Amino acid sequence: MALVAPCGMMAQKAANPTTYANSITAEDLKKHLYIIAGAEMEGRETATEGQRKAAAYIENHFKQLGLAPGVNGGYQQPYPVFQDSLVKASIEVNGKKFAPFTDFAVNLGGSNTSAFLGSEVVFVGYGISDSTRDDYKGIDAKGKIVLVLAGTPPAAAQPAAGAPRRGFAVNPVLDAAAKNGAIAVFQVQAGFPRRAGAARGFQYTNGFRKANYPNLYAVSDQLAESIMGTDYAPAKEAMKAGNPVAKAYTANVAVELVKYITALESTNVIGFLEGTDKKDEYVFITAHYDHIGKTAAGVINYGADDDGSGTVSVLELAEAFVKAKAAGKGPRRSIVFMTVSGEEKGLWGSAWYGDHPVYPLDKTTVDLNIDMIGRIDPKRTIGDSTNYVYVVGDDKLSSDLRPISEAMNKKYIKMELDYKYNDPKDTERIYYRSDHYNFARKGVPIIFYFNGTHADYHRPGDTPDKIGYELMAKRAKLVFYTAWEMANRNDMLKRDIPLDPNAVR
């Protein structure tokens, strides 16, 4: 039996975290934020030069602090991003040319470069083909264009309770078209003519797909009528009654789509602070450093609160823990400081990390995620809105989370902890909308710190001059004290609450 406790444990018992927490100041947060949310960063859109500049700033700060490289000898964890550019799109029916955006639009991300001439188009009503309904019955669609009208079967034609859900959505229609061998789908939609869209399509990460579907085109009533002639109006009426009749139409159709796929890259920035006697267990402190870039008119969305506030808080928290370690008061568990990109696109960076972890997730005791802590929620009408933070997810996955969070707040910060967004009926679904979720879906306990939305959310007005820096520093200190306790307590957090059934591992 050991008579003397390991020196790391003794140091932690004697350590007073207040000295290091107080190194997190409003002045330092402001200094960093005016750079991270400055014009040079151009709104930090994922896979752009502005995002890369922000990543370089964060990496340089980690280096200056002396944090170890967090991933494979470097500070940045890359992941792939793809973007399509429209080169050409054309549709011609019986010699009549139809114009993009006036008569049709291309689902660029889901389509591939192709050109073909066809002499037959098949009308298949709702385009449903499943166990409850088959709009392709009696029709040979193999190698042909299928024409689908928007809408869902009326209530009387809907499946009985307990039967598979049916509705008009892109994927079921494309699945049915692919299953029946169609070469392309013309989907009649309202709203033509439309404003011309950007030549560049949305970014995406799943560039290499298990299956490629028929190309999908949204088309106008006029284009559909050029194929179906006088049958078109009765077919629309039949759709209302739920009994459209499938039919093949002779029509000479020329279709061409040319797109270019650009392979891009984005990164997560990761710094590592090694622990002492529990260095093979990990505390993560995270925020997303990307934002939404510029508007179509070129105006910068600065993203000071979302999530410049979280990003610079991670920088300050890292500095505080480095100072503690330099004074011989380093954490028992290792701490990973990670700022991710792609959050605004769909939690891409954290999803990539969750599926390609650098540190074992089963040894990751917690993720403390900071996303928007620099402003006040104007919709909050209870309590003191100058002294609060929304705490999200502390009632999930681990019964240890809330007692620790509340104890640290009571001892050091004395701020109102608002649990509004823990409500399972939360219509905003805030719990699912930031990067902590990609830890939670893997079973890692999380807490998400949030100030709520405001009038400048995702708008150019989210600028550094509107941040409440003293309140922001106070919120960041709460994260510091909570991380300190979780990094130094004897046991990892229990995982004794079942994973959310909506989570996908």
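The values are calculated or read from the model by the stated rules, or taken from the named source; none is laboratory data. A quick note: this is a predicted structure, and the numbers were derived from the prediction, not measured. So basically every Cβ, Gly included, is an ideal-geometry build from the backbone, and we count neighbours across all protein chains shown.
Descriptive notes on the structure:
- Between Phe480, Phe448, the distinction of being crowded, with 16+ Cβ neighbours inside 10 Å and closer than 23 Å to Asp362 by Cβ belongs to Phe448 only.
- Some residue of segment 368-383 being closer than 19 Å to Leu493 by Cα, crowded, with 16+ Cβ neighbours inside 10 Å, without any contact (Cβ under 8 Å) to a residue 60 or more places away in the chain and under 23 Å from the mean Cα position of the chain (by Cα): no
- Reported count of residues in segment 73-109, each being assigned to a loop (DSSP other than H, G, I, E, B), out of contact with any Pro (no Cβ under 6 Å at 6 or more places or on another chain) and not assigned by TED's automatic domain parsing to the domain that holds Ala198, is 1.
- Pairs, first touching a residue at least 60 places away in the same chain (Cβ under 8 Å) and on the phi > 0 side of the Ramachandran plot in segment 272-293, second among the hydroxyl-bearing types (Ser, Thr, Tyr) and not in a strand (DSSP E or B), C-beta under 9 Å, six or more apart: Gly293/Thr46; Gly293/Thr48
- Breaking point among (1) surrounded by fewer than 15 Cβ atoms within 10 Å (Cβ to Cβ); (2) closer than 27 Å to Asn488 by Cβ; (3) not polar (S, T, N, Q), for Tyr388: (1)
- Positions within segment 223-245 being touching a residue at least 24 places away in the same chain (Cβ under 8 Å) and over 18 Å from Gln187 (Cβ atoms), in sequence order: Ala241, Gly242, Asn243, Val245
- Residue within segment 69-79 that is free of Cβ contacts under 8 Å to residues at least 60 places away in the same chain, in contact with a helix residue (DSSP H, G or I) (Cβ under 9 Å, 6 or more places away or on another chain) and more than 29 Å from Lys474 (Cβ to Cβ) present: yes
- Residue match in segment 91-105 (condition: within 28 Å of the chain's Cα centre (by Cα), at pLDDT 95 or above and not aromatic (Phe, Trp, Tyr)): yes
For every residue, the table says whether it meets (1) in the same structural domain as Ser341 (by TED's automatic domain parsing); (2) modelled with pLDDT under 85; (3) of a type in the set (D, E, K, R); (4) crowded, with 16+ Cβ neighbours inside 10 Å.
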residue	(1), (2), (3), (4)
Arg165	no, yes, yes, no
Ala169	no, yes, no, no
Gln187	no, no, no, yes
Ala198	no, yes, no, no
Phe202	no, no, no, no
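- When segment 42-85 is limited to residues that are hydrophobic (A, V, I, L, M, F, W, C) and under 21 Å from the mean Cα position of the chain (by Cα), the one that is farthest from Ala263 (Cα to Cα) turns out to be Ile58.
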